[in-house]
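Accompanying notes for the structure given below.
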Amino acid sequence: MYGDLTFSQLPEEVQTEILSYEISVDLLINLPDPEVLDIFSRLNSYAVVLNEQEKINADHFGPFKALADKIGHKYYAYWTDQKILTAKNIMRMQEVSLVADLLIAMIVGIKSKKQIRKYYDLYEANLTADVNALELRFDAVIVKISELFPEGLSDTEFHRPHLFYSLFTAVAHCLNGLPEMQAVQIQLNGAALQAARNGLDRVSEIFGANEVVNLDEGELQCLADARRATTDERVRVRRAVYLLHLMG
């Protein structure tokens, strides 16, 4: 009836009715971003089509889901400061998706991102791993990455989510070993830590190469694996193994 009219063109009684409509509002004052995100993650949105991670979170309530949420929110500043994810990404639960993906790698080995729901289902009531130990191991990997890159990741190729995944899994393998990973575990301390960092710097050189003819077979494969089918299991394993090769 009033579809083509602006507010000022509406009859006075209709304007009054609109202005009298009560809207429920909650003010979140002086809350840190992780707590705001935790509140937001509990609310259902009807205006935006839910993405896969939001759908997963809506129908899972077990310890794995709780752990992924907790770690994702805890590292809010890390994801944004390192430019791994944007605030908009995080509002759509992409930090939880990334953490879940990494936890799966720590528990059963590197898998395709497409299998995240499968493991949410599997671990809904049957997560035998110690969630506190998993969180400590996750934290240890982040600490070691910070030792490797004290200046941060934001200006490196590793701020790209798929390459961060590979860096994280490579470091996690060095610290605790990843299931099914057929690669040598490297000690990441002292001179070996600096040697690993020097090796990883080659990744930026590969991406910055003006001509691919100057790259060897392994470097060309690394470049291809960072551009195509980046979340497939086979490609992910190959990238992690290549990073371990560079670090060694």
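If you average over every viewing direction, what projected area does the convex hull of the Cα atoms of region 78-130 give, in nm²? Don't skip to the answer; put the middle values down first.
Details: hull surface 17.3 nm².
Mean projected area of the Cα convex hull: 4.3 nm².
Can you compute log10 of I(q)/I(0) for region 124-205 with the Debye formula, treating each Cα as one identical point scatterer, at q = 0.12, 0.26 Å⁻¹?
Calculated log10 I(q)/I(0) at the listed q: -0.38, -1.46.
Could you derive backbone 3J(HN,Hα) for region 137-150 from the dihedral phi with the Karplus parameters 6.51, -1.76 and 1.60 (θ = phi - 60°), listing whole Hz in sequence and x where the residue is Gly or Pro?
Going residue by residue, I get 5, 4, 4, 5, 5, 4, 4, 5, 4, 5, 6, 5, 10, x Hz, with x marking Gly and Pro.
Here are some pairs, Lys83/Lys118; Lys70/Lys111; Lys83/Lys113; Lys55/Lys113; which of them have Cα atoms lying more than 24 Å apart in this structure?
Lys83/Lys118, as the Cα separations exceed 24 Å there.
Could you provide, to the nearest whole Å², the per residue accessible area of the chain with probe 1.4 Å? Show your work: numbers first, answer last.
Working: 14050 Å² over 248 residues.
Averaged over the residues of the chain, the accessible area is 57 Å².
Ignoring trypsin sites (Lys or Arg not before Pro) that are buried or in helix or strand per DSSP, and keeping those with at most 12 other beta carbon atoms within 10 Å, what is the longest stretch of the chain between them?
43-226
Can you check what the net charge comes to around Val237, using other residues whose Cβ is under 14 Å from the Cβ of Val237 (Lys, Arg +1; Asp, Glu -1)?
Its environment carries a net charge of +1.
When Lys and Arg each count +1 and Asp and Glu each count -1, what net charge do the other residues less than 12 Å away from Arg197, Cβ to Cβ, add up to?
-1
So what's the net charge close to Lys55: Lys and Arg +1, Asp and Glu -1, counting the other residues with Cβ under 13 Å from its Cβ?
-1
What number results when the radius of gyration of region 1-143, computed over Cα atoms, is divided by 2.2 N^0.38 Å?
Dividing the Cα Rg of region 1-143 by 2.2 N^0.38 Å gives 1.41.
Bin by bin, in steps of 10 Å, what percent of the Cα pairs in the chain do you find, going until the bin that has the longest distance?
With a bin width of 10 Å, the distribution comes to 6, 27, 31, 17, 9, 6, 4, 1.
Just for the Cα atoms in region 101-248, what are the lengths along the principal axes, largest first, rounded to whole Å?
For region 101-248, the Cα spread along each principal axis is 51, 35, 28 Å.
Let me understand region 182-248 better: what is its radius of gyration from the alpha carbons, and its Dmax, in angstrom?
In order Rg, Dmax, the Cα atoms of region 182-248 give 12.6, 35 Å.
Select from region 97-168 those GluC sites (Glu not before Pro) which occupy a DSSP coil region and have at most 14 other Cβ atoms within 10 Å, ordered by residue number.
For GluC sites (Glu not before Pro) across region 97-168 that sit outside H, G, I, E and B with at most 14 neighbouring Cβ atoms in 10 Å, the list reads Glu151.
On each of the three principal axes of the Cα atoms of region 161-219, give max minus min coordinate, whole Å, ordered largest first.
37, 27, 22
Give me Rg/Rg_expected for region 41-120, where Rg uses Cα atoms only and Rg_expected = 2.2 N^0.38 Å with N residues.
1.06
The values are calculated or read from the model by the stated rules, or taken from the named source; none is laboratory data. Predicted model, so just to flag it, every value in this text is computed and none were measured. No Cβ is skipped: glycine too gets one built from the backbone with ideal geometry, and neighbour counts run over all protein chains shown. Note: accessible area is taken over every heavy atom of the protein model, side chains too, but ligands, DNA and RNA are not part of it. Shrake-Rupley method; radii C 1.70, N 1.55, O 1.52, S 1.80 Å.
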